[in-house]
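Structure first, commentary second.
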Amino acid sequence: MQRTYAPAGVIPPAPEHIARKLPKRMVQLERMATGFEPDRRYSEFEVNVTLMAFAIDHVFARRLLVEWGFLGRETDGSAYWLLRTERPESAPR
C-alpha cells in the first residue's frame, strides 16, 4: 500500500504515519514544531495532545522532535519547550 504525505507547508487533515525516509520525516517534524509557541513551557501531556493532531505515533514524534533539536526537554521529562521550527543544518533536505 502506497502512503501519501502532506506536502511541506500543509497541515494534514488527519494524523499521518511518520515517514521512513529522512527528507520527508524532516518536513513532518518542521510541520509538527509549528504547533508549539516560542517562550512557552509544555507538560508532557500538552505535547502529546498537540502531536496527536499531526502523527499517529505521537510518542515517537515527541522523541524525534527532542532528538533533532526542535524541542528542548527537562531531564526528568517534566517540561518541554520549542527550540526551533526549521530543520538543523546537518539534516538532509
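Tabulated data
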read-out	value
Any pair with Cβ under 7 angstrom, 6 or more apart, that starts in the range 65-89 at a residue that is surrounded by fewer than 14 Cβ atoms within 10 Å (Cβ to Cβ) and ends at one that is not small (Gly, Ala, Ser)	77/44; 86/30; 88/68
Scan of the range 33-54 for residues that are in contact with a Lys or Arg (Cβ under 9 Å, 6 or more places away or on another chain) and within 26 Å of residue 89 (Cβ to Cβ), ordered by number	33, 47, 51, 54
Residue within the range 46-62 that is part of a helix (DSSP H, G or I), modelled with pLDDT of 95 or more and of a type in the set (Asp, Glu) present	yes
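The values are calculated or read from the model by the stated rules, or taken from the named source; none is laboratory data. Every value quoted in this text rests on a predicted model; they were computed, and no experiment measured them. FYI the Cβ positions are ideal-geometry reconstructions off the backbone, even for glycines, and counts take in every protein chain you see.
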